[in-house]
Amino acid sequence: MFELTEEQQAITEMVSDFATEHIAPQAAAWDRDHHFPIDVLAEAGSLGMGGIYVREEFGGSGMSRLDAALIFEELAKADPTIAAYISIHNMVVWMIDKFGNDEQRAAWVPQLCTMDMLGSYCLTEPGVGSDAAALSTRAVRDGDSYVLNGTKQFISGAGSSGLYLVMARTADTGSAGITAFLVPDGTPGLSFGALEAKMGWNAQPTRQVVMDNLRIPVDNRLGEEGTGFGIAMRGLNGGRVNIGACSIGGGQAALDKSIAYLKEREAFGKPLIAQQSLLFAIADMETELETARTMIWRAADALDRGTADTVRLCAMAKRVATDAGFNAANTALQLHGGYGYLSEYGIEKIVRDLRVHQILEGSNEIMRLVIGRLAVERQVRR
């Protein structure tokens with residue numbers, strides 16, 4: 001598990017080459033111009049990155065969750081923003097492949113796997129952040145249709161995606177009353193809020209998704225009524241591992257930049273890398289990132305095998321990896337001194353992009369709550 005196979009090494013090299021050539025040179029400009037590089041996403045899709053752990057029957061790559069973690073880490077070394085969006089897109093495609101019927105898979109999965117069509121995950125609502133079970137977007141059955149009304153908040157890809165996976169309430173029974181729906185772009189009653197002005201993640205659009213008497217056929221329901229919350233949480237388990245891998249990639253890029261900078265920069269007659277205290281900082285960054293990487297790989301393995309401790313490990317991995325990635329980026333900025341604050345060195349962008357990873361896919365405070373509750377439950381069962 002801790003040594004990559006030849007195939008995994010080849011995958012890593014392929015993704016690294018792609019990211020180095022097609023993403024890294026443009027990342028700063030995309031961030032500055034708030035440009036969403038749909039054409040580059042399609043190129044990534046042509047290489048199999050649109051449905052990484054989706055079955056091959058409908059165009060997926062059929063890889064493992066560990067393969068996916070390796071891919072997202074490499075992509076994030078070039079640009080955490082683009083890597084994170086591809087992570088979210090993959091979560092949507094997997095949910096359709098896992099919980100949809102054959103007709104839904106045939107209709108949506110092939111286009112999503114090539115990233116000729118993009119997907120957005122619509123769970124969070126205004127005023128309802130971490131308490132996902134309290135969402136108020138409503139879907140009412142009307143013959144062979146459902147009518148949806150409500151607003152989703154902080155939706156990545158909104159306005160550019162071709163398909164929105166929406167969680168809506170079909171009954172007033174808490175989490176048991178939530179159902180998942182597939183809403184195609186262009187459906188009457190679907191609209192979007194203004195582009196959010198954000199600290200980071202500027203190369204992907206974030207908007208509200210608004211549904212006003214939006215009507216879709218019953219065939220667009222994903223799974224049975226009342227199963228949506230379970231579907232959403234299953235998707236988030238994988239999303240947490242993915243975003244953790246993105247954090248490690250961004251943190252690793254910051255570490256690599258720091259080592260190069262400290263080797264070149266001189267003070268008091270010798271390179272900064274010779275300063276013991278700075279070398280200690282490098283050692284701490286390296287150790288935290290490797291620890292997090294180990295947790296991500298273990299959680300990915302649990303996802304692949306469907307083990308009983310999957311939820312716990314995914315929560316732990318997400319918390320550890322997103323903290324480690326941001327800490328590495330923040331330390332890198334400090335090591336660069338005033339230069340770290342300048343955009344041309346690329347560090348301040350990594351700091352801005354990675355900060356939100358500690359919030360999304362379940363905030364790290366919620367991860368601690370999940371881990372703590374599961375620890376108590378395990379003790380009670382003994």
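The values are calculated or read from the model by the stated rules, or taken from the named source; none is laboratory data. Note that the structure is predicted; figures quoted are calculated from it, not measured. Using ideal geometry, Cβ is built from the backbone for each residue, glycine included, and neighbour counts are taken over all protein chains shown. Just the protein is used for accessible areas: all its heavy atoms, side chains included, with ligands, DNA and RNA removed. Shrake-Rupley method; radii C 1.70, N 1.55, O 1.52, S 1.80 Å.
Once both axes come from the Cα atoms, what is the angle between helix 80-99 and the longest principal axis of the chain, in degrees from 0 to 90, rounded to 10?
Rounded to the nearest ten degrees, it is 30.
Once you place label points 7 Å from the Cα toward the Cβ at Ala176 and Ile359, how far apart are they in nm?
About 3.4 nm separates the two model spin labels.
Could you work out the mean projected area of the convex hull around the alpha carbons of the stretch 114-262, in square nanometres to one decimal? Provide the component values of the computation, followed by the final result.
On the way: hull surface 42.3 nm².
Averaged projected area of the stretch 114-262's Cα convex hull equals 10.6 nm².
May I ask which residue of Ala375, Leu333, Ser363 lies farthest towards the positive end of the charge dipole of the stretch 306-381, with charges of +1 (Lys, Arg) and -1 (Asp, Glu) on Cβ and the Cα centre as origin?
Ala375
Share of Cα-Cα pairs in the stretch 259-343 beyond 14 Å, in percent? Walk me through the numbers on the way to the answer.
Numbers: 2441 of 3570 pairs.
More than 14 Å apart: 68 percent of the Cα pairs in the stretch 259-343.
For the stretch 1-105, run through the GluC sites (Glu not before Pro) and keep only the ones in DSSP coil with at most 12 other Cβ atoms within 10 Å of their Cβ.
Details: sites: Glu3, Glu6, Glu7, Glu13, Glu21, Glu43, Glu56, Glu57, Glu73, Glu74, Glu103; in loops: Glu3.
Qualifying residues, ordered by number: Glu3.
Students sometimes get this wrong: rank Asp353, Asp323, Asp304, Asp67 by accessible area, probe 1.4 Å, all chains present, largest first.
Values: Asp353 0, Asp323 45, Asp304 80, Asp67 20 Å².
Of Asp353, Asp323, Asp304, Asp67, the descending order of accessible area is Asp304, Asp323, Asp67, Asp353.
Sorted by accessible area (1.4 Å probe), largest first, how do Ser277, Ser363 line up?
Putting Ser277, Ser363 in descending order of accessible area: Ser277, Ser363.
Find the Cα radius of gyration of the stretch 187-268, compare it with 2.2 N^0.38 Å by division, and give the number to two decimals. Please report the intermediate quantities before stating the final value.
Values: Rg = 21.4 Å, N = 82, 2.2 N^0.38 = 11.7 Å.
Ratio of Cα Rg to 2.2 N^0.38 Å: 1.82.
Please report the carbon-and-sulfur percent of the accessible area for the chain; probe 1.4 Å, protein heavy atoms only, DNA, RNA and ligands left out. Spell out each step's value before the answer.
On the way: 8370 of 16480 Å².
About 51 percent, which is the carbon plus sulfur part of the accessible surface.
Before I look further, what does the chain give for accessible area per residue, probe 1.4 Å, in whole square angstrom?
Values: 16480 Å² over 382 residues.
Normalised by residue count, the accessible surface of the chain is 43 Å².
Output the pairs from Lys77/Lys318; Lys77/Lys98; Lys263/Lys318 with a Cα-Cα distance over 22 Å in this structure; if there are none, say none.
Values: Lys77/Lys318 18 Å; Lys77/Lys98 29 Å; Lys263/Lys318 32 Å.
Lys77/Lys98; Lys263/Lys318, as the Cα separations exceed 22 Å there.
Given R₀ = 22 Å, what would the calculated FRET efficiency be for Ala197 paired with Ala29, taking r from the Cβ atoms and rounding to 0.05?
The formula returns an efficiency of 0.75 here.
How big is the stretch 22-160 by Rg and Dmax over its Cα atoms, in Å?
16.4, 52
What is the P(r) of the stretch 81-124, as percent of Cα-Cα pairs per 10 Å bin from 0?
29, 56, 14, 0
At a temperature of 20 °C and a viscosity of 1.002 mPa s, determine how fast the stretch 333-382 diffuses translationally according to Stokes-Einstein, using the Kirkwood radius over alpha-carbon pairs as Rh; express D in µm²/s, rounded to the nearest whole number.
Numbers: Rh = 13.5 Å.
Rounded, D is 159 µm²/s.
Eigenvalues of the Cα gyration tensor times 5, then square-rooted: what semi-axes does that give for the chain, in whole angstrom, largest first? Display every interim value, and only then the final one.
On the way: eigenvalues 260, 100, 79 Å².
Calculated on Cα positions only, the semi-axes equal 36, 22, 20 Å.
Between the alpha-carbon centers of the stretch 246-277 and the stretch 28-81, tell me the distance in whole angstrom.
28
I'd like the distance separating the alpha-carbon centroids of the stretch 172-194 and the stretch 94-134, in whole Å.
Comparing the Cα centres of the stretch 172-194 and the stretch 94-134, I get a distance of 11 Å.
Starting from the residue with the highest accessible area, list Ile96, Ile366 in decreasing order, probe 1.4 Å. Spell out each step's value before the answer.
Details: Ile96 0, Ile366 45 Å².
Largest to smallest exposure gives the sequence Ile366, Ile96.
Please state the Cα pair-distance histogram of the stretch 65-105 with 5 angstrom bins from zero: what percent is in each bin?
Calculated P(r), rounded to whole percents: 6, 22, 25, 19, 13, 10, 5, 1.
Report, in degrees rounded to the nearest 10, the 0 to 90 angle that the Cα long axis of helix 276-305 makes with the longest principal axis of the chain.
30
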